[in-house]
Structure formats: C-alpha cells, structure tokens
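Below is one structure, written out as structure tokens, with a few remarks after it.
Where a number appears in this text, it was derived from the coordinates with a stated rule and is not lab data. Since this is a predicted model, take the numbers as computed values, not measurements. Ideal geometry is used to build each Cβ from the backbone, glycine not excepted, and the neighbour counts take in all protein chains shown.
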Amino acid sequence: MEDIPLSELDLPFIEAFNYYLRVKRKMKPGTVRARIVLLNKVIRQALHRNFISRPPFEGSQLEKPQVQNRSLTVEELNRLISTPIKSPTQSFIRDLFIFSTFTGISYADLKQLSWKDILTEEDGSRWISTDRQKTKTTFHVKLLNIPIQIMERYRGLAIGGNVFSSMSLGQVNVGLKRVAKKCGINRTLTFHMSRHTFASQVCLSQGVPIESLSRMMGHKSIHTTQRYAHLNPEKIGNDMKQLSLRLAGR
C-alpha cells in the first residue's frame, strides 16, 4: 500500500479505516479508538504547522468502548479475604490488595506510605493523611479494623519508615492472578480493581456520598470519581424502595 498524502485524507477515509480495523483486523472498540486518536494527534500537528488547511475528519465520531465493571462483587471479596493461602508472598500481595480495597489508596501511594502519614485523632480513630503521587491533592481516609490489622501485621518489616515493603506493580499483578485462581475468582485481578471495589462496594453501596468518596480518593473532580461508581442492582433497588417509602409518607 502506498503512502497517502495528508492533503488527501477525508471523512470517507476515516470511515474506511475504522471499518478495516474493526472488521478486517478484528480489533476491539478500545483499540480502534486508540489508533484513531493517535492519527488525530498527527492531524492536529499538521494543522498547527500549516501542512494542511482544514481538519479532514470533521464530523466523524468514535465508538466509545463499553465500560466494564472493575469492582469485585461482595461474594468475590469475601472469598478473597477468607481463602487460605500458604505462600507468604501471595499472602502479602493479597493483604496489599485488601488494604487498598478498604482505604482506596492507589499502588503508587501505597508504595510511598509511611508511618508518619498515619494520624491518630483524639477519639482514637486512625487516618491516612497524605498527598497523592499522581494528582498532588491531599486525601484523608479513616482506617477501619481490617486495614489496621494488616498494617500491624507488617510493622517493622519495611525499611525507611514505610508501612509496607516495596514490590513492583508488575510483580503484584502477576501475584494477583495466582491469588485470584486460588480464591476461585474467574477473571483477571489487577491492583487497580481494589480502588473500584473501595468506591463501589465499601463506600457508595453503603451510602457514602460521592462528594466524600471523591475527597477520600484524592480526586480533583467528582467526574473522575464517577468512573469508579459501579452500583450493583441491589443498591439501586434499595434506593428506589427508600424513595417509595419517603414519598408514601408525605
């Protein structure tokens, strides 16, 4: 196939290219979208440098890939917590995932978490209070019993005042695949799913307002938090039941 000059690109080309990627190459919508977004970046550079005078793909729309629920179900979470695991490394990796599930902390922040980031209030409650590595925003989250027990289990084992010993994210995700298999979780488990589970199962499904959740997760915008909001049908049904009761009482 010969190269096509930028000046000859037009809407029929992008439609044909889209068809080629989807049908001939059998690419998933997310992959197709990524390829076309990359092409559009080249087009913007060409416009900026006056190589072309108009955007050739004006009016085209990309198919948005369906967002998958990346939260564990309550049943999967219970299996993850209760299944015996003999391997110390896999047990540690599982503990890191569960710690994040009940705090919402990302892996980048977990690796940097130190004991000085753990604050104790006058009422005895313990909190994580630190800045996110990614957004530099401050986040505060109260520590429940499960993450406190996990922290204390590894106290004194990490160097440099950190709460946990460091592993690469790649090592953790490989370990999580093995953990998932042992726990009977029939899908690929990645560390980032812990934050989705925190948002959906630990917080939103239990009635925590999304504004509070956004603050706990260290998001700059609630729009970002909404991407984590995978509410289960039971929660939605219960909300509608409560609404019906309130309306009936008027």
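Here S82 and H223 are evaluated by their C-beta separation; at R0 = 51 Å the FRET efficiency comes out at 0.90.
The Cβ shell under 15 Å around L96 holds other residues with a net charge of +4, Lys and Arg each +1, Asp and Glu each -1. Working from Cα pairs under 8 Å separated by at least six residues, relative contact order for the chain is 20 percent. For the chain, a Gaussian network of Cα nodes joined below 10 Å ranks D109, D131, D123 by mean-square fluctuation, and the top entry is D123. Note: relative contact order over the range 82-137, using C-alpha pairs below 8 Å and six or more positions apart, is 20 percent. Rounded to the nearest 500, the 222 nm mean residue ellipticity of the chain from helices alone is -13500 deg cm²/dmol, with -39,500 (n - 2.57) taken per DSSP H run of at least 4 residues. Dipole size of the chain about its Cα centre, with +1 on Lys/Arg Cβ and -1 on Asp/Glu Cβ: approximately 520 debye, rounded to the nearest 20. The string of couplings for the range 148-156 from the Karplus curve (6.51, -1.76, 1.60, θ = phi - 60°) is 5, 4, 5, 4, 5, 4, 10, 4, x Hz, one whole number per residue in order, with x for Gly and Pro.
Looking only at G124, G160, G184, which one moves most when the chain is put into a Gaussian network model with springs between Cα atoms under 10 Å? Looking only at G124, G160, G184, the biggest GNM fluctuation is shown by G124.
Counted residue by residue at 0.36 nm each, then reduced by the alpha carbon distance between them, the extension gain from R153 to Q171 reaches 4.4 nm. Given K116/K142; K28/K182; K116/K136, which pairs have Cα atoms separated by over 20 Å? Violating the 20 Å limit, Cα to Cα: K28/K182. When the chain is treated as a GNM, springs tying every alpha-carbon pair under 10 Å, which of S91, S168, S200 comes out with the largest mean-square fluctuation? Maximum among the listed residues: S168.
A Förster radius of 25 Å combined with the Cβ-Cβ distance from V74 to N186 puts the calculated FRET efficiency at roughly 0.95. In the chain, excluding the sites themselves, the longest stretch lacking any of the GluC sites (Glu not before Pro) that are in a DSSP loop with at most 14 other Cβ atoms within 10 Å is 123-250.
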